[in-house]
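The values are calculated or read from the model by the stated rules, or taken from the named source; none is laboratory data. Source: prediction; values computed, not measured. Heads up, the Cβs are rebuilt from the backbone with ideal geometry, glycines too, and the neighbour counts pull from every protein chain shown. The accessibility values were calculated without ligands, DNA or RNA, using every heavy atom of the protein model including side chains. Shrake-Rupley method; radii C 1.70, N 1.55, O 1.52, S 1.80 Å.
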Amino acid sequence: MTAFGMPNDAISHQRYVYMAYGIALAAKPTIKHYFPEENKTDIIQGIVSCWLKDGGEIPETWADTLFPHINKIGKYQATDEAYNIFYGLLQTLNTKIAYNAILDILYDAITGDAISGFAAAGRDMFNWWLIEVIPAAYCLKLPSALYSGKWEFPPLSKCAELSGVNQPNN
């Protein structure tokens, strides 16, 4: 996270938001699975997309306004953690709390059930975050592939190709 810098300047801040946004999109299917009629995630996506396009300062309490009962235990742990990720996504829009918000998002995504209910998937999600999310966020984009249980770790030659590193000729 320190390589991205603190979200004090506009570009670093946008990178934090893109990281959070990519993770939130990976958590969205969990919410849709349990609550197919839920539209709060779509509303948040619209808010974040507008913020990325136009910028602006967001009040610290905005996430609390949209999620007034975020700390109440719900019926499903997976959806509670997925909602926490969307709550954190809204928090990343505020420069002052973006750093801590992304750390909370990563904790819920990698150690929890928000994206995958399998404990062994934590390492795969971390790899996905390193290979897909971070480079995309650095370039101010969303990841080209969202994590699902079917995400495959690309071969090292593909990683080098994607990162622009030249392979020695054999």
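Residues that are assigned to a helix (DSSP H, G or I) and open to solvent by less than 40 Å² (accessible area, probe 1.4 Å) were ranked within the range 98-116; the one that is farthest from THR61 (Cα to Cα) is ALA109. Filter the range 85-119 for residues that are of a type in the set (S, T, N, Q) and over 12 Å from THR30 (Cα atoms); which is nearest to the chain's Cα centre (by Cα)? Among those residues, the one meeting the criterion is THR92. Of all residues in the range 16-50, exactly one satisfies the criterion of being surrounded by fewer than 16 Cβ atoms within 10 Å (Cβ to Cβ), among the hydroxyl-bearing types (Ser, Thr, Tyr) and under 17 Å from the mean Cα position of the chain (by Cα), namely SER49. Residues in the range 61-79 that are out of contact with any helix residue (DSSP H, G or I) (no Cβ under 7 Å at 6 or more places or on another chain) and more than 15 Å from ASN94 (Cβ to Cβ) were compared, and the one that is least open to solvent (accessible area, probe 1.4 Å) is PRO68. Check off (1) open to solvent by 80 Å² or more (accessible area, probe 1.4 Å); (2) part of a loop (DSSP other than H, G, I, E, B) for GLY56 and give me the number that stays unchecked. That leaves (1) as the condition not met. Apart from one condition, MET1 fits all of (1) surrounded by fewer than 19 Cβ atoms within 10 Å (Cβ to Cβ); (2) under 17 Å from the mean Cα position of the chain (by Cα); (3) free of Cβ contacts under 8 Å to residues at least 60 places away in the same chain; the exception is (3). When restricted to residues that are closer than 17 Å to ILE47 by Cα, touching a helix residue (DSSP H, G or I) at 6+ places or on another chain (Cβ under 6 Å) and not hydrophobic (A, V, I, L, M, F, W, C), the range 82-105 contains 6. Before we move on, is HIS13 open to solvent by 60 Å² or more (accessible area, probe 1.4 Å) and at negative phi? The answer is no for HIS13.
One line per residue, one yes/no per condition, for (1) more than 18 Å from ASP104 (Cα to Cα); (2) in contact with a strand residue (DSSP E or B) (Cβ under 8 Å, 6 or more places away or on another chain); (3) part of a loop (DSSP other than H, G, I, E, B):
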residue: MET6; (1), (2), (3): no, no, yes
residue: TYR18; (1), (2), (3): no, no, no
residue: TYR21; (1), (2), (3): no, no, no
residue: ALA24; (1), (2), (3): no, no, no
residue: PRO36; (1), (2), (3): yes, no, yes
residue: GLN45; (1), (2), (3): yes, no, no
residue: CYS50; (1), (2), (3): yes, no, no
residue: ASN71; (1), (2), (3): no, no, yes
residue: GLY74; (1), (2), (3): yes, no, yes
